1. Restricting the search to the stretch 12-49, which residues are part of a loop (DSSP other than H, G, I, E, B) and either of a type outside the set (Val, Ile, Thr) or in contact with a Ser or Thr (Cβ under 9 Å, 6 or more places away or on another chain) (or both)?
2. Going through PHE3, PHE28, PHE54 one at a time, which residue ends up being more than 30 Å from VAL83 (Cβ to Cβ) and either of a type in the set (Val, Ile, Thr) or touching a Pro at 6+ places or on another chain (Cβ under 9 Å) (or both)?
3. For the stretch 44-83, give me the residue count where each residue is closer than 23 Å to PHE28 by Cβ and open to solvent by 60 Å² or more (accessible area, probe 1.4 Å).
4. Filter the stretch 34-43 down to the residues that are surrounded by 11 or more Cβ atoms within 10 Å (Cβ to Cβ) and not hydroxyl-bearing (Ser, Thr, Tyr), then identify the one that is modelled with the highest pLDDT.
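The values are calculated or read from the model by the stated rules, or taken from the named source; none is laboratory data. On a predicted model such as this, the values are computed, not experimentally measured, just so you know. Using ideal geometry, Cβ is built from the backbone for each residue, glycine included, and neighbour counts are taken over all protein chains shown. With ligands, DNA and RNA removed, areas are computed over all heavy atoms of the protein, side chains included. Shrake-Rupley method; radii C 1.70, N 1.55, O 1.52, S 1.80 Å.
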Amino acid sequence: KEFGHARVPNIFADNQALGTWVATQRKFYKNFQKGNPSYSLTKERVQLLNKIGFEWSLASIISWNERYEQLVSFVKKFGHARV
């Protein structure tokens, strides 16, 4: 509720235990998708996390946001987005 999303980074300075926990859930989920279920990440738990909008992978989100910020900086510096 505090941040308005469920995109917790794996390294989360405000709550290191939460960052570690989400990293573990993401690791378990990769195995879950491959058909190697974890005793702690059940189908029901996956559904609960999906229900709150848990982000199973942040790679594309972070990368897109970083590139967008770089583009914004470029536009401010050069006055156009023709890159």
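1. Kept after step one, since they are part of a loop (DSSP other than H, G, I, E, B), are these residues of the stretch 12-49: 12-15, 34-42.
Once the filter is applied, which keeps residues that are part of a loop (DSSP other than H, G, I, E, B) and either of a type outside the set (Val, Ile, Thr) or in contact with a Ser or Thr (Cβ under 9 Å, 6 or more places away or on another chain) (or both), the stretch 12-49 yields PHE12, ALA13, ASP14, ASN15, LYS34, GLY35, ASN36, PRO37, SER38, TYR39, SER40, LEU41.
2. When all the criteria are applied, what remains is PHE28.
3. Residues that pass the stated criteria total 11.
4. Here the residue is LEU41.
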